[in-house]
1. Taking R198 as the residue in question, decide whether it is at pLDDT below 95 and over 30 Å from T88 (Cα atoms).
2. Out of all the residues in segment 178-198, which are part of a loop (DSSP other than H, G, I, E, B) and more than 20 Å from the chain's Cα centre (by Cα)?
3. Suppose we keep only residues that are assigned to a helix (DSSP H, G or I) and of a type outside the set (A, V, I, L, M, F, W, C) within segment 199-208. Which one would you say is surrounded by the most Cβ atoms within 10 Å (Cβ to Cβ)?
4. Which of the residues spanning segment 126-147 are under 24 Å from F86 (Cβ atoms), polar (S, T, N, Q) and in a loop (DSSP other than H, G, I, E, B)?
5. Which condition does H140 not pass, out of (1) surrounded by fewer than 16 Cβ atoms within 10 Å (Cβ to Cβ); (2) farther than 21 Å from P13 by Cβ; (3) in contact (Cβ under 8 Å) with a residue 40 or more places away in the chain, if it passes all the others?
6. Return yes when Y122 is closer than 28 Å to I18 by Cα and assigned to a helix (DSSP H, G or I) and no when it is not.
7. For residues in segment 52-70 being of a type in the set (S, T, N, Q) and under 17 Å from G87 (Cα atoms), which is modelled with the highest pLDDT?
8. Out of everything in segment 209-227 that is assigned to a loop (DSSP other than H, G, I, E, B) and modelled with pLDDT of 70 or more, what residue ends up being surrounded by the fewest Cβ atoms within 10 Å (Cβ to Cβ)?
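The values are calculated or read from the model by the stated rules, or taken from the named source; none is laboratory data. Not measured: the values here are computed from a predicted model. Glycine gets a Cβ as well: all are built from the backbone with ideal geometry, and neighbour counts include every protein chain shown.
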Amino acid sequence: MYAFGRDRPYAEPPRYTICRQVASWLSKTSVPEYQAGRPECRGQGSLPGEVWDEICLVLDLPQEVPQGLNSQPGPSGDYQEYRSFFGTCISAWHGRSFPPGTDEDVPVSSERTGITGSVDIYDHTTGAFTVVRASGAPPHGVWASDRVRVTAYLHALAETFPEQAGTRQGLVAYVPDGVIRTHVPSARDHRVLIRTVRSVRHILTGGVPEKPVNPPCTACPYQDRCISSGGRRLRDLF
């Protein structure tokens, strides 16, 4: 998918934006210096209104929609859907604690792997970090893609902040479910990361990756542009 979509401009999904702002506020409720200086951080009861105002600002939504109007014209989409999803996220964390964080969108990079990116939530006092996800949590552990994310961030953090290089795990917050999972990368996770980096480098030099075993073609938006090794039937072209 990356081979076909790498030239398209990235647009942050609205649901991720919502989860990101919710996580931002929740992470501050556990940091003493923020609690002392900002009254709104002293209890989650005052969070929803403030957070929703920020979300509306980021998504370019009106803070209130006239009664009976479900959709707000423009790229932001369905106002009521976003408001409902926001309510789900807030409710999921009622009575639950969120990992503390002192910084957000922290730029990190690794020369060794060639990876660059930004960590969603980072605590500079401990070196702990949290990956924010807008999806539901799996029954156990973290999703396969999140295993690779945590592994990549650990490599990049170790080179960006060598004084915190002893960190061997990452946290994944499945915000809609109110779930925090800890992941310690295995040797397999590191191998998957290496293969992924190798594949991206191959694509950037003009190559096209080979199809893996059991490729998720039916869910791929670029299926019609992908050349099948077995060719295409004439009837399929008309």
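1. Working: at pLDDT below 95: yes; over 30 Å from T88 (Cα atoms): yes.
Against the criterion (at pLDDT below 95 and over 30 Å from T88 (Cα atoms)), R198 qualifies.
2. The initial filter retains those residues of segment 178-198 that are part of a loop (DSSP other than H, G, I, E, B), namely 178, 184-186.
Within segment 178-198, just S186 meets the criteria.
3. Step one: of segment 199-208, the residues assigned to a helix (DSSP H, G or I) are 199-204.
Then drop every residue that is not of a type outside the set (A, V, I, L, M, F, W, C), which leaves 199, 201-202.
Working: S199: 16, R201: 11, H202: 14.
Per the criteria, the residue is S199.
4. Across segment 126-147, the qualifying residue is only S135.
5. (3)
6. In short, no.
7. Checked segment 52-70; the qualifying residue modelled with the highest pLDDT is Q63.
8. The qualifying residue surrounded by the fewest Cβ atoms within 10 Å (Cβ to Cβ) is V213.
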